[in-house]
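See below for the structure under consideration.
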Amino acid sequence: MTGRAGGVAGRNDRKEVVMDTMQVITTRKTCRAFTDEPVTKDQIRTILEAANASPIAMHDFEAVQLSVIVDRKAIDAIDALAGANGGRMGTGPTYRAPVLILVSGSEDGMERGTNYCNAGCIIENMQLAATELGLGSGYILGVIKSLQQHPEMFAALGVDEGFVPVSAMTLGHPADADLLAGPREATTENIITHFVE
Ligand SMILES: Cc1cc2nc3c(=O)[nH]c(=O)nc-3n(C[C@H](O)[C@H](O)[C@H](O)COP(=O)(O)O)c2cc1C
């Protein structure tokens, strides 16, 4: 985003950045069809930097973990658990994305709900960073319930003991080149808002 450190270019893809903050926010859209083009390590690094800049309850970064999954078989295995009902495009809930990032929270945080709140912040930060890089992304809760019922899969997915996957995000190059071509119209109409004055 411009305005970051006076518009100084970052060490990777960010040097081509032209969007300001509201433009990134209004350009982000859920991507549900991806090409097979892989996401580069530099792009993943930028996405992870965005995740690591997220607000986290009590600044307790030890309560959250990420798994960056690029193993096709592992993504397909998660997809298969949820079944076709989880997806809208006939492709399953992860839409054959080349990357799936799991956000896991510590078991302690499940009751208070902080895990889900943390995950929401992390995923939005990652989606905005992806948008700025021209990458498609999507918040995918549709795989989480079924995955939580299979703790025997956690270790192979990089989910440590004592942690539970609470949200997921797809990442890849959008099949529709126009998806992120421009911002949507800014509005205050989508969410009913009560002013208490
Ligand atoms: C908590 C949460 C869970 C979501 N889970 C799914 C999901 O499982 N599958 C899916 O296709 N989209 C999912 N979405 C994406 C929403 O459907 C999408 O954000 C919404 O339709 C608005 O579209 P937009 O993201 O293009 O603005 C989820 C979004 C949020 C915030």
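Remarks
- Tally, over region 30-44, of residues that are closer than 20 Å to V103 by Cα and either within 16 Å of the ligand (Cβ to nearest atom) or surrounded by 15 or more Cβ atoms within 10 Å (Cβ to Cβ) (or both): 6
- Here T187 does not fit the description of being among the hydroxyl-bearing types (S, T, Y) and either away from the ligand (no atom under 12 Å from the Cβ) or under 30 Å from G109 (Cα atoms) (or both).
- All conditions in (1) surrounded by 15 or more Cβ atoms within 10 Å (Cβ to Cβ); (2) farther than 15 Å from S104 by Cα; (3) in contact with a helix residue (DSSP H, G or I) (Cβ under 8 Å, 6 or more places away or on another chain) hold for G182, with the sole exception of (1).
- Of the helices (runs of 4 or more DSSP H) entirely within region 62-177, those holding at least 1 residues that are among the aromatic types (F, W, Y) occupy 114-132.
- When A63, A84, A77, A155 are checked against the criterion of being more than 11 Å from the ligand (Cβ to nearest atom), at pLDDT below 95 and surrounded by fewer than 24 Cβ atoms within 10 Å (Cβ to Cβ), a single residue qualifies: A84.
- Checklist (1) part of a loop (DSSP other than H, G, I, E, B); (2) over 29 Å from T187 (Cα atoms) applied to P55, failing item: (2)
- Checking each residue in region 101-144 for being away from the ligand (no atom under 15 Å from the Cβ) and under 19 Å from L157 (Cβ atoms) picks out S104, S106, E107, G109, M110.
The values are calculated or read from the model by the stated rules, or taken from the named source; none is laboratory data. Computed from a prediction, not measured in an experiment: that's the story for all the values here. Note that each Cβ is placed from the backbone with ideal geometry, even for glycine, and that neighbours are counted across all protein chains shown.
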